[in-house]
Amino acid sequence: VQLVESGGGLVQAGGSLRLSCAASGSTFSINVMGWYRQAPGKQRELVAVITSGGGNTNYANSVKGRFTISRDNAKNTMYLQMNSLKPEDTAVYYCIAVVGYSNYWGQGTQVTVSS
């Protein structure tokens, strides 16, 4: 499984961005997908996850009500709609795909929120 993120950039506080994660390869075997982020000097943290059918989602408390995770299995793409962005959301965002006991990561996309 290969993952490629896109959609990051620079935005002012209160603005919005939508990240995309395009999957290729053995996408039929993907179970859970999700987004992590890592800010400078901090550990990588889970942002949101979504099950294969898209029926179940879960979010970090810090993004609940502001971020929405979704996936389009026909396009093998997962999304993260980020609204009401805050400077503390600044980080490199990574997508992850879980296949059995293996995790696959994308290369990351930078999100910078200016105050």
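The values are calculated or read from the model by the stated rules, or taken from the named source; none is laboratory data. Please read these numbers as outputs of a predicted model, since none were measured by experiment. Note that we place each Cβ from the backbone using ideal geometry, even for glycine, and neighbour counts take in every protein chain shown. Accessible surface areas use protein heavy atoms only, side chains included; no ligands, DNA or RNA. Shrake-Rupley method; radii C 1.70, N 1.55, O 1.52, S 1.80 Å.
For the stretch 6-21, enumerate the residues that are of a type in the set (G, A, S) and open to solvent by 50 Å² or more (accessible area, probe 1.4 Å). Answer for the stretch 6-21, where residues must be of a type in the set (G, A, S) and open to solvent by 50 Å² or more (accessible area, probe 1.4 Å): S6, A13, G14, S16.
When the residues of the stretch 93-106 are filtered to those that are assigned to a loop (DSSP other than H, G, I, E, B) and over 13 Å from Y36 (Cβ atoms), which remaining residue is most open to solvent (accessible area, probe 1.4 Å)? If you could, list the steps in order and put the result at the bottom.
Going through the stretch 93-106, the residues assigned to a loop (DSSP other than H, G, I, E, B) turn out to be 100-101, 106.
Subset that is over 13 Å from Y36 (Cβ atoms): 100-101.
Numbers: G100: 51, Y101: 231 Å².
Per the criteria, the residue is Y101.
List, please: which pairs have Cβ atoms under 6 Å, are six or more places apart or on different chains, and start with a residue in the stretch 17-44 that is modelled with pLDDT of 95 or more and end with one that is of a type in the set (F, W, Y) and open to solvent by 50 Å² or more (accessible area, probe 1.4 Å)? As it stands, the answer is R44/Y36, since those pairs meet every condition given.
Taking the stretch 73-92 as the range and being more than 20 Å from G54 (Cα to Cα), open to solvent by less than 10 Å² (accessible area, probe 1.4 Å) and either in a strand (DSSP E or B) or free of Cβ contacts under 8 Å to residues at least 60 places away in the same chain (or both) as the test, the residues that pass are D89, A91.
Just for the stretch 28-46: of the residues that are buried (at least 18 other Cβ atoms within 10 Å of the Cβ) and out of contact with any helix residue (DSSP H, G or I) (no Cβ under 9 Å at 6 or more places or on another chain), which one is nearest to V99 (Cα to Cα)?
I30
The single condition among (1) surrounded by fewer than 14 Cβ atoms within 10 Å (Cβ to Cβ); (2) at pLDDT 95 or above; (3) within 17 Å of G9 (Cβ to Cβ) that N61 does not satisfy is (3).
Pairs linking a residue in the stretch 45-62 that is in contact (Cβ under 8 Å) with a residue 40 or more places away in the chain and within 14 Å of C95 (Cα to Cα) to a residue that is open to solvent by less than 70 Å² (accessible area, probe 1.4 Å) and in a loop (DSSP other than H, G, I, E, B), with Cβ atoms under 9 Å and 6 or more positions apart or on different chains, are V47/A60; V47/S62; V47/V63.
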